[in-house]
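Structure record follows, encoded as structure tokens.
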Amino acid sequence: MNNLLPSRREVLLSSGGVLVAGSLKGTVDALSQEVTAAKNPHKDLMFRTTDPRNGEPELTKLVNSWQTPTELFYVRSHAPNPEIEVDQFRLSVEGLVRRPGTFSMADLMKMPSHLTTATLTCAGNRRSEYNSKEYQNVPKVSGVQWEAGTIGNATWEGCQLAAILKRVEVLENAKHVWFEGLDQIQKNSSIIGFGGSIPLEKALVDNGPGAPLLAHQMNGQPLTADHGFPLRMVVPGYIGARSVKWLGKIVVSDRPSPNHYVANAYKIVTKTDPLDWAESGPIYRFPINAAICTPKSGSRLSAGAIELTGYALPTGRSHSQIKDLMISADGGRGWTRGKLIGKKQDFCWQLWTANVQVNSKT
Ligand code: MTE
């Protein structure tokens, strides 16, 4: 029997948006107490590597809820989780600023707190599909061979990056904001932290769900070690790589970060020669995407009506939402309209279901 899963999907976008804002305030003491429990909570993931930790959930479980429970939220790390004492922790903010400074967790938790729901997705999501028959003529992408589970939708709480930048007073010639993680990644013969970088215009967004956060809470709990305890960036609408975990340093600059994960990795190149590599810039916003999550890929099913469920991701642009979803079970000859389910919110995925009729000849 043929693989009866539809082979093409099309997703349309419209505008609209909802802001989720709140003012949950924690204390550093409460944060420290909850940490012991949060350090190694249970994860229901298929781990592709365990040192460092890289795991994704089964897709059938992932689409059960619009807000992804932390135990089902993918983990993408380039080095072992660093052990960070909250009391000793300091975030330094420097570069093209009038008043460089350091912030303790207590300082950060005194700042106005914001709650945002945003989808994070790894730029390498679905990478393993390049190994399939359909993509025979496309170059393979090295790295962890992810299926479609490196995506999740969580609530994040913390202060806005814009508020920190206001405190340190950004100078006129600034154009980019760099982030540096406290993890230690072995790269060739040196040890580096994971770095990210975003344009100043995005860093300064201070209204609506697109505002970048220095988050210390995920789904109403302190961040777990896997997700960047005690502090991480969350940049709504951007590829996950810009949401630096275990955030230790912010640098304001007139150029993008020279860190390996901005300057060399996470780029779209058509060829892999050095010139092509050097000419392509960093990826910022995540692109449109959609995946079928149930039935499981490769399932053998009887011909007839089949109920599908999945997720669709609008682009990371402000006011970008999924308006309509059409699905074809016969290579694009006929199309069925899917039903959008769950919430519809800017910077968040959209869950959907569809009933398709499949016959044994498709
Ligand atoms: N930050 C640090 N310090 N180290 C990392 O390895 N991985 C990045 C980003 N931030 C990473 C990091 C990548 S590639 C992704 S997709 C997201 O974190 C994953 O976040 P998560 O593990 O909380 O899902």
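The values are calculated or read from the model by the stated rules, or taken from the named source; none is laboratory data. Quantities reported herein were computed from a predicted structural model and do not represent experimental measurements. Counting neighbours? That spans all protein chains shown, and the Cβs are built from the backbone with ideal geometry, glycine included. The area values use the complete protein model at the heavy-atom level, side chains included, leaving out ligands, DNA and RNA. Shrake-Rupley method; radii C 1.70, N 1.55, O 1.52, S 1.80 Å.
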Note: among Y311, Y284, Y266, Y238, just one is modelled with pLDDT under 95 and surrounded by 14 or more Cβ atoms within 10 Å (Cβ to Cβ), namely Y266
When you look at G195, is it within 20 Å of L115 (Cβ to Cβ) and either at pLDDT below 95 or of a type outside the set (A, V, I, L, M) (or both), yes or no? no
For the range 54-74, name all the residues that are within 11 Å of the ligand (Cβ to nearest atom) and open to solvent by 30 Å² or more (accessible area, probe 1.4 Å). T70
Working only within the range 45-74, note down all residues that are touching a Ser or Thr at 6+ places or on another chain (Cβ under 6 Å), under 13 Å from C122 (Cβ atoms) and assigned to a loop (DSSP other than H, G, I, E, B). Y74
If we scan the range 124-142, do we find a residue that is crowded, with 22+ Cβ neighbours inside 10 Å and outside any helix (DSSP H, G or I)? yes
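Going residue by residue through the range 75-84, is there one that turns out to be open to solvent by 40 Å² or more (accessible area, probe 1.4 Å), outside any loop (DSSP other than H, G, I, E, B) and within 16 Å of the ligand (Cβ to nearest atom)? Don't jump to the end; show me each part of the working.
Here is the first cut: in the range 75-84, the ones open to solvent by 40 Å² or more (accessible area, probe 1.4 Å) are 76, 78, 80-81, 83.
Add one more test, that the residue is outside any loop (DSSP other than H, G, I, E, B), and what stays is 76.
Adding the requirement that they be within 16 Å of the ligand (Cβ to nearest atom) leaves 76.
Yes; the residues of the range 75-84 include at least one that is open to solvent by 40 Å² or more (accessible area, probe 1.4 Å), outside any loop (DSSP other than H, G, I, E, B) and within 16 Å of the ligand (Cβ to nearest atom).
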Taking the range 104-123, which residues are assigned to a strand (DSSP E or B) and in contact with a Lys or Arg (Cβ under 7 Å, 6 or more places away or on another chain)? none
Open to solvent by less than 10 Å² (accessible area, probe 1.4 Å) and part of a strand (DSSP E or B): does that describe G152? yes
When the residues of the range 85-100 are filtered to those that are open to solvent by 50 Å² or more (accessible area, probe 1.4 Å) and part of a loop (DSSP other than H, G, I, E, B), which remaining residue is nearest to G298 (Cα to Cα)? E85
